[in-house]
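> Handing you this structure, nothing more for now.
The values are calculated or read from the model by the stated rules, or taken from the named source; none is laboratory data. Predicted, not measured: the structure shown is a model, and the values here were computed from it. Please note: Cβ atoms are built from the backbone with ideal geometry, for glycine as well, and neighbour counts cover all protein chains shown.
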C-alpha cells in the first residue's frame, strides 16, 4: 500500500451488491486465501487434516482446557484485541434480574454510567454529551456519518489499517465524500501529510483510528488534534477509540476532541453489545445546525439526545429499549476503572505492553508497527517467522490455554497474529494471563520448529 | 384519532430538530402532561409529595421487596410488556465467560441460534434468512427501510398505536413515502379499508404491528397477508413482531410473510440488546435487485447477509462484533421454547391472557382493545377507573411486588396502565406472577377507593 491520498471512489463504482469480501471474514485458526481456499502449512497439507477437523479439535480443547483464573468456568484466556477477559463481578452484573428500562432503579444506574463516562473520557465540560446505545463500535461510525456530516460533505480519513477502509465505506453510505490519507502498513500518516491534505480542501471532519485493531498501530491523537485546530479550525476531530478507550490516555477536553466513539468489549471490559460515544458541545452544535434531517433513525441523535440527557438527569425516558443488563455490567466495570487514578491504569497497560513487545523482540519477531511511537499499548500485532502461518500455531495455543487472533489486514492476513493485552488481564494482579501467554507463544513456536 | 388514510407529511414539515416529544418519554410511575408538568392525583397534590420523593420511594421499595420467584435476587415481578421476567438459566447464560466471536465454540452457538429461529418463526423454506444483530427492535425498522425500500418508494403503514407513528417516521428518514391507515384507538384498520388503500397506489411494502405495545391491539396477520397477496401481489408484507414473536402464533411460510422483525426482551425471553429478523427469499431478492445501495451501514444486509449465512454454516465471519453473552442467552431461551410444541406455548399465553382479561372485566374495567378479536395474548392495556391515574396505583403495586407500565399512547397516556403476560411468567408453573399480579391490582384499586 502506498502512502498518500486516495478518494474512495471505488465505493461508488463497486456494484453495491458485492457482498463482504473474503478477507472481511476475520480469521483465527482458519485462514483462507483471497479465492476462499484454505491456506495451510506444508505439514497440514501433508497430513490432509481438514479445516473442519481442526476447528472441531479447537472446540473440544476449549471445552477441556483447565485454566482457572477466576471463579468463571475453566476456559482458555481470551487474549485477542477484543472481546477481552472480563472481571467476575462484571459478568455477574450481566445476570441482573429484569428491570423496567423506565423505572427509577435502572434510570439511576444508567445516569451514573453516563456521568462515569465523563470521567473516563476526562471531560468536565458540561456541553460534552455521552451516548450509550445498544449496538457495536460500528454503529458509532453510523452516528457520526448520519448526525454530524450531511450528504456532500467532505471527510478526511486517516488510514492505519482495515478500520479506516470501513469507516470510509460507512461515510460514503451516507453520501459523505471520504478521502483516505494512507500510510504503509504498520505506519501512520505523518503530521506534515495531514497538514498538506487539510490545506487542499475544506473538510467537515477528519477521522482517525486511535488504535487500528487490524495492525496495532497507535495514532498520536493529541498532536493530530492540535494540528487540525491550528490549520483547519472548523474541521471536527473524530476519533475511533474502539481499541483505545480504557487503555490509552485520552483527554477529551484538553486535546479538543469532538467525538470519541468506542465499544464495550475492549479495554472498557464489558461484553460486546454497546456503542459508546463522547461528543463535544461543538459537535452537538454542528448536529443542531444541520440543514437536512439525520440520515439514520436508530442512530439519530434527534432521537437519542433527549433520552441521554434525561437518563443522566435520572428522569425516565424512552426512544428504544436499552439493555439493562449490559448497562449494569458497564456500571460495574466503570466503578472498578474509576476507583483508582486513570494515569495508573494507562501506566499498567504501557508496562504490560512493553513486557509483551520485549518478549516478541527477544523471540526475534517483528511487529507490524515497527516504530515504537506507532505501537499500541493494548495489543501487539506480530509477524510470524517465515514459513509459519497462523493455523500452525493458533490451535496449539488454545490447547495450552490462550486464544490469540489471526491477521485481519487483507494484504498480509496470513502472515501475522494479534495478541491483546487489555483490562483485567493487565490490571488484576491475581491473573497471570500476560506471562502465560508469552510463555505459550514461545513454546508453540518452538514446537513448530522455530528457533529464536 | 379518526379512521382513515393520512400521509405522514408532518414528518417532512416538522423542523427536523424538534427532539423527542414529551409523550415519547415512556411513563411508569411518573407522568407528565403534554407541557411536561407532572400529572398527579388529587391526593398527591394535597400532600405535596414531590415526584422525586415518589421515585425515591419506589427505588427503596424495589430494594426492599421480597418476592422470591426463582434463585434470582429478590425483586418485584416485572409484568410490563417488555422487558419481561427472565428464566434463571437464561440469566446465567448472560454471565458466560468471554469467547472470541470468530472461534468455533461461539460460531457453533450462533449457528444453532439462527437455525432455532427458523423453527420459532415456522419457516422451512431455505430461502428464508434469519438475522440477529446487536441493537433493539427499532433497528429492525431501519433494516427494512434501508434494505428493502429505496428513496421514493411508497409504504402503507397500518396504524394500531404509537409504534406505527415511529415506524412511519423511520421510513421517512430513509426517504420512503409512508402513508398511514389509521383506526380509532383500540381498533385496527379493517380489511376492506386496507384493500381500498392498496387499490389506490402501488405500495412497495405494507407494514403492520402485530401487537402494538402502546395499546395491546392485535392485528390479524394471516388474513392481512392473504389480502395483500390477492389484491397487490408485488407488495411485501412487513410485520413488526416485537411484542408478538414467542407469544402469538406466526407461521412465516404458510402466511406468506416477507419480514417479521422483533427484539429479544419480550416473549423470546432474553435481556434487551438484540434485533432479530426473519426475512423471506422474496424480500432478499428485492434487496438484491436494489438500484441504489443500502442507505444504512450498520444495518446494511450487504454487510450482514454473508455474515449470517456464514454463522449458520458454522464458518467464522466478521463484519461487526456480535454480543456472545446475549447470543448465549438467546440460545438458552430458544432451547427452552423449542423443547415443547409451539402450539402449546401459544395456548398457554392465550389462557393466561384470558385469565387476566376476565379479571379485568370482573373488576369493571375496560381494555383499550374492546373487541375480543383485537386483543393481544401477551399483554393487556387497561383503562383505569375515572379519577384514578397511573401514579395513584403504580407505586403501590411495586410495593406489593409487581411492576406494571403506564400508558404510552400520547392521546390517553394518563388514563391507562399496561400489564404484560409473556414468557416464564406464563409458562413456568412454579411462578405465580399472573395470579399475584391480578390480586395486587385488585387490592391497589380498592386502596385508592375504587369499588368494582
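> Can we say residue B:321 is surrounded by 19 or more Cβ atoms within 10 Å (Cβ to Cβ), in contact with a helix residue (DSSP H, G or I) (Cβ under 6 Å, 6 or more places away or on another chain), at pLDDT 95 or above and under 25 Å from residue A:85 (Cα atoms)?
no
> Return the pairs, sorted by first residue and then second, in which the second residue is modelled with pLDDT under 95, the first residue lies in region B:344-366 and is under 21 Å from residue B:383 (Cα atoms), the beta carbons are less than 9 Å apart, and the residues are 6+ apart or on different chains.
Short answer, once both residue conditions are applied: B:362/B:452; B:363/B:452; B:364/B:451; B:364/B:452; B:365/B:452.
> Looking at this structure, is residue B:290 part of a helix (DSSP H, G or I), surrounded by fewer than 22 Cβ atoms within 10 Å (Cβ to Cβ) and modelled with pLDDT of 95 or more?
No: the conditions fail for residue B:290.
> Given (1) without any contact (Cβ under 8 Å) to a residue 60 or more places away in the chain; (2) out of contact with any helix residue (DSSP H, G or I) (no Cβ under 8 Å at 6 or more places or on another chain); (3) more than 29 Å from residue B:146 (Cα to Cα), where does residue A:184 come up short, assuming only one miss?
Result: residue A:184 fails condition (1) only.
> Can you pull out every residue in region B:301-310 that is over 26 Å from residue B:93 (Cβ atoms) and more than 7 Å from every other protein chain (Cβ to nearest Cβ)?
If the condition is that a residue be over 26 Å from residue B:93 (Cβ atoms) and more than 7 Å from every other protein chain (Cβ to nearest Cβ), then B:301 is the only one that fits.
> Return the residues of region B:162-185 that are in a loop (DSSP other than H, G, I, E, B) and more than 22 Å from residue A:318 (Cα to Cα); say none if nothing qualifies.
B:175, B:176, B:183, B:184
> Check B:134, B:146 and return the single one that is within 22 Å of residue B:245 (Cα to Cα) and modelled with pLDDT of 95 or more.
Unique residue meeting the criteria: B:134.
> State yes or no: is residue A:297 more than 7 Å from chain B (Cβ to nearest Cβ) and crowded, with 22+ Cβ neighbours inside 10 Å?
Judged against the criteria, residue A:297 is not a match.
> From the list A:194, A:144, A:239, pick out the single residue that is in a strand (DSSP E or B), touching a strand residue (DSSP E or B) at 6+ places or on another chain (Cβ under 8 Å) and within 30 Å of residue A:407 (Cβ to Cβ).
A:239
> Identify, from the list B:402, B:424, the residue that is in contact with a helix residue (DSSP H, G or I) (Cβ under 7 Å, 6 or more places away or on another chain) and farther than 24 Å from residue B:188 by Cα.
Only one candidate qualifies: B:402.
> On to the next question. Considering region A:117-139 alone, what residues qualify as being more than 7 Å from chain B (Cβ to nearest Cβ) and under 22 Å from residue A:318 (Cβ atoms)?
Matches in region A:117-139: A:117, A:129, A:130, A:131, A:132, A:133.
> Restricting to region A:206-219, count the residues that are in contact (Cβ under 8 Å) with a residue 60 or more places away in the chain, within 21 Å of residue A:117 (Cβ to Cβ) and touching a helix residue (DSSP H, G or I) at 6+ places or on another chain (Cβ under 6 Å).
Residues meeting the conditions: 1.
> With part of a loop (DSSP other than H, G, I, E, B) and at pLDDT 95 or above as the only criterion, which of A:233, A:306 stands out?
Of A:233, A:306, the one residue that is part of a loop (DSSP other than H, G, I, E, B) and at pLDDT 95 or above is A:233.
> So if I check each of A:196, A:182, which one is under 18 Å from residue A:240 (Cβ atoms) and surrounded by fewer than 24 Cβ atoms within 10 Å (Cβ to Cβ)?
Testing whether each residue is under 18 Å from residue A:240 (Cβ atoms) and surrounded by fewer than 24 Cβ atoms within 10 Å (Cβ to Cβ) leaves just A:182.
> Next question, about the same structure. Restricting attention to region B:311-348, which residues are at the interface with chain A (Cβ under 7 Å from one of its Cβ atoms), out of contact with any strand residue (DSSP E or B) (no Cβ under 7 Å at 6 or more places or on another chain) and in a helix (DSSP H, G or I)?
Once the filter is applied, which keeps residues that are at the interface with chain A (Cβ under 7 Å from one of its Cβ atoms), out of contact with any strand residue (DSSP E or B) (no Cβ under 7 Å at 6 or more places or on another chain) and in a helix (DSSP H, G or I), region B:311-348 yields B:324, B:325.
> Could you tell me whether residue B:269 is in contact with a helix residue (DSSP H, G or I) (Cβ under 7 Å, 6 or more places away or on another chain), outside any helix (DSSP H, G or I) and more than 25 Å from residue B:168 (Cβ to Cβ)?
When the stated conditions are applied, residue B:269 passes them.
> Moving to a separate point now. Does region A:383-392 contain at least one residue that is farther than 30 Å from residue A:104 by Cβ and in a strand (DSSP E or B)?
Yes, region A:383-392 contains a residue that is farther than 30 Å from residue A:104 by Cβ and in a strand (DSSP E or B).
> Tally time: how many residues in region A:410-434 are buried (at least 22 other Cβ atoms within 10 Å of the Cβ), more than 13 Å from every other protein chain (Cβ to nearest Cβ) and more than 14 Å from residue A:384 (Cα to Cα)?
Here the count works out to 2.
> Another question about this same structure. Take residue B:296 and decide whether it is under 24 Å from the mean Cα position of the chain (by Cα), over 16 Å from residue B:129 (Cβ atoms) and not in a helix (DSSP H, G or I).
Yes: the conditions hold for residue B:296.
> Which numbered condition in (1) out of contact with any helix residue (DSSP H, G or I) (no Cβ under 7 Å at 6 or more places or on another chain); (2) surrounded by 22 or more Cβ atoms within 10 Å (Cβ to Cβ) is the only one that residue B:329 fails?
(1)
> Here are the criteria: (1) in a loop (DSSP other than H, G, I, E, B); (2) over 26 Å from residue A:328 (Cα atoms). Tell me which single one residue B:282 does not satisfy.
Among (1) in a loop (DSSP other than H, G, I, E, B); (2) over 26 Å from residue A:328 (Cα atoms), residue B:282 violates only (1).
> Just wondering, is there one or more residues in region B:267-287 that are surrounded by fewer than 20 Cβ atoms within 10 Å (Cβ to Cβ), at the interface with another protein chain (Cβ under 7 Å from one of its Cβ atoms) and without any contact (Cβ under 8 Å) to a residue 24 or more places away in the chain?
no
> Within region B:220-243, can you find the residues that are in contact (Cβ under 8 Å) with a residue 60 or more places away in the chain and more than 21 Å from the chain's Cα centre (by Cα)?
Matches in region B:220-243: B:235 only.
> Give the residues of region B:130-151 that are more than 20 Å from the chain's Cα centre (by Cα) and surrounded by fewer than 24 Cβ atoms within 10 Å (Cβ to Cβ), sorted by residue number.
B:150, B:151
> Ok, one more. Restricting to region B:83-100, give me the number of residues that are assigned to a loop (DSSP other than H, G, I, E, B) and within 7 Å of chain A (Cβ to nearest Cβ).
The number of residues fulfilling the criteria is 9.
> Follow-up. Mind listing whichever residues of region B:358-374 are surrounded by fewer than 22 Cβ atoms within 10 Å (Cβ to Cβ) and not in a helix (DSSP H, G or I)?
B:363, B:364, B:365, B:366, B:370, B:371
> If I filter region A:101-110 down to residues being part of a helix (DSSP H, G or I) and facing chain B (nearest Cβ under 7 Å), which single residue comes out as nearest to the chain's Cα centre (by Cα)?
Per the stated criteria, the residue is A:108.
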